[in-house]
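Structure first, commentary second.
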Amino acid sequence: MNDDANSGFFNLGAEPDGLEGWIAENEFTEVEPLGGEGNAFTRLYSARKRGKRFVLKCLRPELINDPLARQLLAKEFMIGYNLSHQGVVATLEYAVIDPLGPCIVLEYIQGTTLAKALKEKSLTAKQARHVARRLAEAVDYLHSMQIYHRDLKPTNIMLTQGALMPKIIDFGLSDAAYMAVLKQPAGTVGYAAPEQTSQEVDSLADIYSLGKVVEEIAQSTGDTRLRRLARRCQAPNPARRPSTAASLSWEGRPKSSWLPWIVALLALGGLLFIVLYRPQPERSVMEVPIPLPVHDTIVMTPPVDTARMQFLRTLPLKVEEITRRNWVDYIISLENNTARVAHDPLKIGEDAMRVFEKNYLEIEALIRKQIPEDDPDYFHIVSNAKDHSDRYQERISMEYQDRFQRAMRANIDSLSRITP
């Protein structure tokens, strides 16, 4: 039996009044200036069509007939029109609208800029990591489409209501690998990669700018883990930056920060480690590259570097030795320098942060002795080693929590005696 043959509307009346006119409406109405000045070439307006709100991006009046400005606007439209991602503003059409002239029609985003959210410190720690991960996914999508934004910064990122979804906007300075026009260096000082001011760039310049943005997010919430990931993206040497943004664990398990421990000691009488009630973390296995096997005598493969493989097999243990040694040294410094540290309690947190930095520096120095920086696996190996160190740091903190707690209490007691 074919049920579809019998499906349809019953008693369908005439077309609703006004529907034909609504469909035929093809003019923008309620055209009004939008908050924000666009940039040196453009202005922004909001407008409605068929009751829906849009953003119109047009040239400034004095540039409407300027060939270079019109080419810039057309390039921005062509780049944006080919993009379709929930983390990127939608470019809908290119239209000549009286009296604005040629305009790019964009989706209207209900929300605020990331710059405003950071200024107001309205992001929670959980939202901050979520925004960082979503931004990384959007940036990687652009790069998969051979698009380089070249102007990533908080004012060019919109947050929807509730900060659920960041959206990258303003492709006025963007470039595409497949385009041959307007390839001049461009960007914003303070966010542009070092190489961006003097040469054509690739996706690694956007990775650097993303790192700058995420570092500002980390500063607003005090997220030390986000800050470490952001700084990896900001390596001066492009070859040492992550090749993709989303490959970093932006939204991993939060680690306890040091300053909240001090506050907890003062407020709760020395209860430092809430993690005591969590299960012991399992020992993680560090990923290392393994050479492909030779299946028969006909397949030609490069000789296996036995020294390299031996180094990679022992690297996780060496990373753990470095991490343990630096953490124990830090605890000893707390025990031996109680009076000095007590004069400046914030120094406790600063010294703890230096433990992580010292771990990273020693790990990189260790790896460079065996694997050169131009090796294609170098960054992958360093990144895995640092992640392994972070995870092992949690385990070490648990092992030495009693000793650490006593040292911290001694510092707090000294502080109370010194403070009038």
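Annotations
- The range 131-191 - convex hull of the alpha-carbon atoms, volume per residue in Å³: 81 Å³
- Within the accessible area of the range 24-112 (1.4 Å probe), percent carbon and sulfur: 51 percent
- Sorting 400-407, 72-79, 95-102 by average packing, meaning the other beta carbons within 10 Å per residue, from highest down gives 72-79, 400-407, 95-102.
- Working note: Karplus 6.51/-1.76/1.60 with θ = phi - 60° gives the range 53-67 the couplings 8, 9, 10, 10, 10, 10, 7, 5, x, 6, 10, 4, 9, 7, x Hz, where Gly and Pro are set to x.
- Centre separation in Å (Cα based) which lies between the range 194-254 and the range 74-105: 28 Å
- Computed lengthening from Ala95 to Ala115, 0.36 nm per intervening residue step minus Cα-Cα distance: 4.2 nm
- For the range 27-136, the solvent-accessible area works out to 52 Å² per residue, with a probe of 1.4 Å and every protein chain left in place.
The values are calculated or read from the model by the stated rules, or taken from the named source; none is laboratory data. Just so we're clear, the structure is a prediction, and the values are computed from it rather than from any experiment. Virtual Cβ from ideal backbone geometry, glycine too; neighbours counted across all protein chains shown. Calculation scope for accessible area: heavy atoms of the full protein, side chains included, ligands and nucleic acids excluded. Shrake-Rupley method; radii C 1.70, N 1.55, O 1.52, S 1.80 Å.
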